[in-house]
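A.B. asks: The structure is given below, and queries will be raised subsequently.
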Amino acid sequence: MTDEARFERLRDRLGELHGRSRALARQLGDIDLGELRGPADLALIPVLRKSAIAALQAAQPPFGGLAAAPIDAFTRLFASPGGIYEPESAGRDPWGAAKALAAAGVEKGEIIVNCFSYHLTPGGRILESGALALRCPVIPAGPGNTEQLIAAIAHFRPSVYCGPPDFLKIVLDKARGASADVSSLKKALVSGAALPPTLRAELEGAGVKTRQAYATADLGIIAYETDAADGLALPGMLVNDDLIVEIVTPGTDEPAPADKVGEVVVTRLMGDCPLLRFATGDLSAWAAPGRLKGWMGRADQSAKVKGLFVHPSQIAEIGKRHPELGALRLTVRREGEQDAMSLAAETASPSEALTEAIAATLQALTKLRGEVALLPPGALPNDGKIIADERPAP
């Protein structure tokens, strides 16, 4: 789906849902929907964070005014960690998993063993709904019970595995040790854990073509790997249809530069529980237009220093107050028996006066003292990290 088509769909959906979702109406405020023509226009809308959803749902159960339909319009109700509650919308493939499975080579009629959790959270259902949309029967295995799972694989002969990649390795290793036949597994769509090149190579060396998807319990499948004509995975992951994805500077609502790692913010266009500019808390970057690099860490890097919380938004505010600065990174260490902070800031025009001004701003915003080091542009790593907590674990 092109950006133009996505934004036309966005305007239509927001117009349709505005009067039915109180939280959506509050988030939009007085914004003219006709102004939403491209990615830059989304910055007019405040970002919605998980903490805000938890607070809304606690104050106005069950969904905090986000739902645009009565509760009996939904098919399943989920409870995720952190006091977040998600409804499953009715209809075919409500979590957008069918395209990811098809991109992994899954075809109609193939049996899928699904090892994502079915307990309260929507992980198992996300992939199952996509499988059923492709008319693929599913073994609802969930995680664990490895011996029984291996017996079920040997009996039903599924060709597709869905679940975390490290659990697939456990299944293959235990089956090999038990001389059990799980050779029917030829394809895998994995998510929920890292897939380093070494693990992918091991799984594919065992005869299981392995592709990955990036998903969250709030949104379903956000992006997924696709193959080139030669059958090899293309760089990055293709953003799913019916989603608009942005990368914003951590601690802010503002789009990050195109080549920078930042927080993934998603607008969902399908279903009856709209999420507009929802901040996932995950870090990523663009591998190419419309293709994410995948999960690259967490954006919520808040740290408690000398009894006070320091947040990425406070460090981002330093950059706003000193526009001559580029990238910023606050490092927290232990020196002796005390916490200590140091702020590294990129700038093309270093001076002692600027260093002193930044140190004063840091103290004013955080109520804590910290050293300041000015670095040349490009000196800090492009990893999206705003606060680096280097203190040893207790």
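The values are calculated or read from the model by the stated rules, or taken from the named source; none is laboratory data. Keep in mind the model is a prediction, meaning the values are calculated, not measured. Ideal geometry is used to build each Cβ from the backbone, glycine not excepted, and the neighbour counts take in all protein chains shown.
A.B. asks: Could you list, in sequence order, all residues of region 341-379 that are out of contact with any Pro (no Cβ under 8 Å at 6 or more places or on another chain), assigned to a strand (DSSP E or B) and within 19 Å of Ser313 (Cα to Cα)?
C.D. replies: Met341, Ser342, Leu343, Ala344, Ala345, Glu371, Val372 - these are the residues of region 341-379 that are out of contact with any Pro (no Cβ under 8 Å at 6 or more places or on another chain), assigned to a strand (DSSP E or B) and within 19 Å of Ser313 (Cα to Cα).
A.B. asks: Can Glu110 be described as crowded, with 17+ Cβ neighbours inside 10 Å, outside the structural domain of Gly220 (by TED's automatic domain parsing) and of a type in the set (D, E, K, R)?
C.D. replies: Here the answer is no, as Glu110 does not meet what is asked.
A.B. asks: Among the residues of region 113-135, how many are without any contact (Cβ under 8 Å) to a residue 40 or more places away in the chain and surrounded by 23 or more Cβ atoms within 10 Å (Cβ to Cβ)?
C.D. replies: Total satisfying the criteria: 1.
A.B. asks: Any residue in region 356-380 that is in the same structural domain as His322 (by TED's automatic domain parsing) and at positive phi sitting within a Cβ distance under 8 Å of a residue that is part of a strand (DSSP E or B) and at pLDDT 95 or above? List the pairs, counting only those 6 or more apart or interchain.
C.D. replies: Between residues of region 356-380 that are in the same structural domain as His322 (by TED's automatic domain parsing) and at positive phi and residues that are part of a strand (DSSP E or B) and at pLDDT 95 or above, the close pairs are Gly378/Glu346.
A.B. asks: Sticking with this one: Looking only at region 317-327, which residues are modelled with pLDDT of 95 or more and assigned to a strand (DSSP E or B)?
C.D. replies: Leu325
A.B. asks: May I ask you to say which residue of Ala69, Ala100 is surrounded by fewer than 23 Cβ atoms within 10 Å (Cβ to Cβ) and in contact (Cβ under 8 Å) with a residue 40 or more places away in the chain?
C.D. replies: Working: Ala100 fails: surrounded by fewer than 23 Cβ atoms within 10 Å (Cβ to Cβ).
Matching residue, one of Ala69, Ala100: Ala69.
Yes or no, residue by residue, for (1) part of a helix (DSSP H, G or I); (2) touching a Lys or Arg at 6+ places or on another chain (Cβ under 9 Å); (3) surrounded by fewer than 17 Cβ atoms within 10 Å (Cβ to Cβ):
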residue: Ile247; (1), (2), (3): no, yes, no
residue: Thr252; (1), (2), (3): no, yes, no
residue: Asp259; (1), (2), (3): no, no, yes
residue: Leu276; (1), (2), (3): no, yes, no
residue: Gly294; (1), (2), (3): no, no, no
residue: Lys304; (1), (2), (3): no, no, yes
residue: Ile315; (1), (2), (3): yes, yes, no
residue: Thr331; (1), (2), (3): no, no, no
residue: Arg334; (1), (2), (3): no, yes, yes
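Every residue, every condition in (1) of a type in the set (Lys, Arg); (2) surrounded by 15 or more Cβ atoms within 10 Å (Cβ to Cβ), yes or no:
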| site | (1), (2) |
| --- | --- |
| Leu17 | no, yes |
| Arg26 | yes, no |
| Gly34 | no, no |
| Arg37 | yes, no |
| Arg49 | yes, yes |
| Ala58 | no, no |
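A.B. asks: Has region 96-112 got any residue that is modelled with pLDDT of 95 or more, under 29 Å from Leu24 (Cβ atoms) and part of a loop (DSSP other than H, G, I, E, B)?
C.D. replies: Within region 96-112, one or more residues are modelled with pLDDT of 95 or more, under 29 Å from Leu24 (Cβ atoms) and part of a loop (DSSP other than H, G, I, E, B).
A.B. asks: Something else: Taking Ser179 as meeting all but one of (1) within 25 Å of Met270 (Cα to Cα); (2) among the hydroxyl-bearing types (Ser, Thr, Tyr); (3) surrounded by fewer than 20 Cβ atoms within 10 Å (Cβ to Cβ), write down the number of the exception.
C.D. replies: (1)
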